[in-house]
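Some notes on the structure that comes next.
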Amino acid sequence: DNPKPLVLIPGKINDRVRERVKAEFDCLEIERADASLVPEHRRSEVRAIASMTVIDAAFINAFENLSIISNFGVGYDGIDAVHAALRNVMVTNTPDVLTDEVADTTIALILNTLREFPKAEAYLRVGKWASQGNYPLTSLTLRGRTAGIFGLGRIGLAIARRLDGFDIPIRYHNRSKRQDISFPYRYEESLVELADAVDLLICVVPGGEGTEKVVNAEVFEALGPNGVFINVGRGSTVDEEAMIEALSSGKIAAAGLDVFADEPNVPQALLDLPNVCVLPHVASASIDTRNKMANLVVDNLAAWLSGNPALTPVSEARSLNHDD
Ligand code: NDP
């Protein structure tokens with residue numbers, strides 16, 4: 001009898017991931033990604049990690065027979081994927097299954113930021129409509145804007161497709177111009193040029209070293225006093241202090257944010273600003289979409305641990321196979 005492979009779950013995880021891992025594998029849950037929490041005699045048994053937390057090189061090194069890290073989420077900036085590849089450890093994420101949900105959320109966040117719908121609802125609920133009259137007209141609107149997408153990947157493109165329906169022009173910046181000729185969006189050579197050319201800047205690039213604090217004071221300056229900044233990518237991509245300064249001094253008009261530098265801690269200075277719309281990192285957070293992500297996490301484990309190719313390897317791991 002072959003024993004079932006041992007899958008380690010460090011920290012919090014979606015319920016469906018936990019249930020399926022327990023049903024299909026041997027499962028060990030620990031409170032956080034700290035190897036000392038795994039009994040020494042079990043460390044060499046660990047074949048896989050299913051997680052949504054930070055997995056650094058030291059944690060990877062602690063398990064000599066580790067074969068795959070399956071990340072819950074498309075963004076895997078918390079995982080040292082370069083080190084994993086050096087150790088021949090597969091890394092997978094959950095692309096595509098959340099793309100439409102995140103794009104839908106982004107549209108809602110854009111409209112809520114521009115047209116103040118959450119504030120207008122609160123106004124009605126506390127009785128001000130009846131006592132004080134109509135909610136004040138909003139100074140901002142989507143009408144007449146040009147959108148700039150920083151990160152025209154899977155989600156960025158789904159956002160652009162939705163914005164097409166709103167009849168506004170769209171530009172984008174990636175490290176390289178997309179070669180697909182099937183869409184009309186204009187490429188800008190740099191983030192500052194993009195910010196300068198648009199008045200609605202939507203950030204949906206991955207986190208990590210390459211994008212650390214690249215949305216900075218210069219970018220906000222370029223976006224301008226009528227400019228609106230939306231972030232559904234990662235909080236680490238933004239210089240949060242520079243953003244607070246730009247919002248409070250009127251260098252930009254408003255911001256809509258689903259992600260923050262130090263989640264779940266959001267600076268009070270940001271919350272105190274009247275021109276900010278915030279969400280607690282909920283872009284993909286429906287039961288339906290999270291279940292699809294959970295299934296992909298476990299399907300990747302099942303495929304790889306039975307000797308088949310991983311379903312959705314991250315780019316750093318794409319050349320790995322079972323013979324390595
Ligand atoms: P993709 O890999 O499909 O797209 C990423 C895009 O960003 C690519 O077009 C890429 O183009 C561009 N990009 C990457 N690095 C840079 C850089 N340094 N400078 C400029 N452009 C860059 O990913 P997805 O669209 O599937 O997801 C994007 C991100 O969204 C995730 O990594 C995650 O962080 C975030 N996300 C947030 C969610 C939330 O709950 N708020 C939910 C889901 C995702 P190129 O390679 O040419 O530079």
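Cβ-Cβ distances below 7 Å connect the following pairs, each with a first residue in region 153-172 that is farther than 16 Å from ASP96 by Cα, a second residue that is part of a helix (DSSP H, G or I) and within 8 Å of the ligand (Cβ to nearest atom), and a separation of six or more residues or different chains: TYR172/GLY156.
Those residues that are within 19 Å of the chain's Cα centre (by Cα), on the phi < 0 side of the Ramachandran plot and not aromatic (Phe, Trp, Tyr), I need them from region 114-160; list them, please.
We begin by selecting, within region 114-160, every residue within 19 Å of the chain's Cα centre (by Cα); these are 148-160.
After this cut, where a residue has to be on the phi < 0 side of the Ramachandran plot as well, the list is 148-150, 152-160.
Result: GLY148, ILE149, LEU152, GLY153, ARG154, ILE155, GLY156, LEU157, ALA158, ILE159, ALA160.
The residue list ALA147, ALA130 contains one member that is away from the ligand (no atom under 14 Å from the Cβ), in contact with a helix residue (DSSP H, G or I) (Cβ under 9 Å, 6 or more places away or on another chain) and open to solvent by 80 Å² or more (accessible area, probe 1.4 Å), which is ALA130. In this entry, LEU66 is excluded by the filter for residues that are in a strand (DSSP E or B) and over 30 Å from ASP258 (Cβ atoms). Residue pairs whose Cβ atoms lie under 8 Å apart, separated by 6 or more positions or on different chains, with the first residue in region 304-324 and under 16 Å from ILE49 (Cβ atoms) and the second among the acidic types (Asp, Glu) and open to solvent by 70 Å² or more (accessible area, probe 1.4 Å), are THR312/ASP96. Just to be sure before I move on: is LEU223 without any contact (Cβ under 8 Å) to a residue 12 or more places away in the chain and of a type in the set (A, V, I, L, M) in the structure I sent? Criteria not met by LEU223.
Which one is surrounded by the most Cβ atoms within 10 Å (Cβ to Cβ), of the residues in region 212-226 that are within 11 Å of the ligand (Cβ to nearest atom) and farther than 21 Å from ALA160 by Cα? Reasoning before the result, please.
Taking region 212-226 and keeping what is within 11 Å of the ligand (Cβ to nearest atom), we get 212, 214-215.
Still in the running and farther than 21 Å from ALA160 by Cα: 212, 214.
On the way: GLU212: 13, VAL214: 17.
Once the filter is applied, the top-ranked residue is VAL214.
Restricting GLU218, GLU209 to residues that are without any contact (Cβ under 8 Å) to a residue 12 or more places away in the chain and on the phi < 0 side of the Ramachandran plot narrows the list to GLU209.
Within the group ALA122, ALA48, ALA23, which residue is more than 16 Å from the ligand (Cβ to nearest atom), assigned to a strand (DSSP E or B) and modelled with pLDDT of 95 or more?
Working: ALA122 fails: assigned to a strand (DSSP E or B); ALA23 fails: assigned to a strand (DSSP E or B).
From the options ALA122, ALA48, ALA23, the qualifying one is ALA48.
In region 196-209, which residue that is assigned to a strand (DSSP E or B) and within 22 Å of LEU98 (Cα to Cα) is farthest from the ligand (Cβ to nearest atom)? First the steps, then the outcome.
Within region 196-209, the first condition is being assigned to a strand (DSSP E or B), and the residues that meet it are 200-203.
The next check asks that each one be within 22 Å of LEU98 (Cα to Cα); those that pass are 201-203.
Values: LEU201: 13, ILE202: 11, CYS203: 9 Å.
Out of the qualifying residues, it is LEU201.
In region 160-195, the residue that is most open to solvent (accessible area, probe 1.4 Å) out of those that are among the small types (Gly, Ala, Ser) and more than 12 Å from the ligand (Cβ to nearest atom) is SER182.
Among the residues of region 227-264, those that are within 12 Å of the ligand (Cβ to nearest atom), open to solvent by 20 Å² or more (accessible area, probe 1.4 Å) and either of a type outside the set (S, T, N, Q) or free of Cβ contacts under 8 Å to residues at least 40 places away in the same chain (or both) comprise ARG234, GLU263.
Out of everything in region 196-206 that is in contact (Cβ under 8 Å) with a residue 40 or more places away in the chain and more than 21 Å from the chain's Cα centre (by Cα), what residue ends up being least open to solvent (accessible area, probe 1.4 Å)? If you could, list the steps in order and put the result at the bottom.
Of region 196-206, the ones in contact (Cβ under 8 Å) with a residue 40 or more places away in the chain are 197-206.
Cutting the leftovers down to more than 21 Å from the chain's Cα centre (by Cα) gives us 197-199.
Working: ALA197: 35, VAL198: 8, ASP199: 35 Å².
Looking at the filtered set, the residue picked out is VAL198.
None of LEU152, LEU109, LEU114 is within 16 Å of the ligand (Cβ to nearest atom), surrounded by 21 or more Cβ atoms within 10 Å (Cβ to Cβ) and assigned to a helix (DSSP H, G or I) except LEU109.
When you look at ASP100, is it open to solvent by 10 Å² or more (accessible area, probe 1.4 Å) and within 16 Å of the ligand (Cβ to nearest atom), yes or no?
Yes.
The values are calculated or read from the model by the stated rules, or taken from the named source; none is laboratory data. The structure displayed is predicted, hence computed values, not measured ones. Note: ideal-geometry Cβ built from the backbone for every residue, glycine included; neighbour counts use all protein chains shown. Remember, those area values only see protein heavy atoms, side chains included, never the ligands or the DNA or RNA. Shrake-Rupley method; radii C 1.70, N 1.55, O 1.52, S 1.80 Å.
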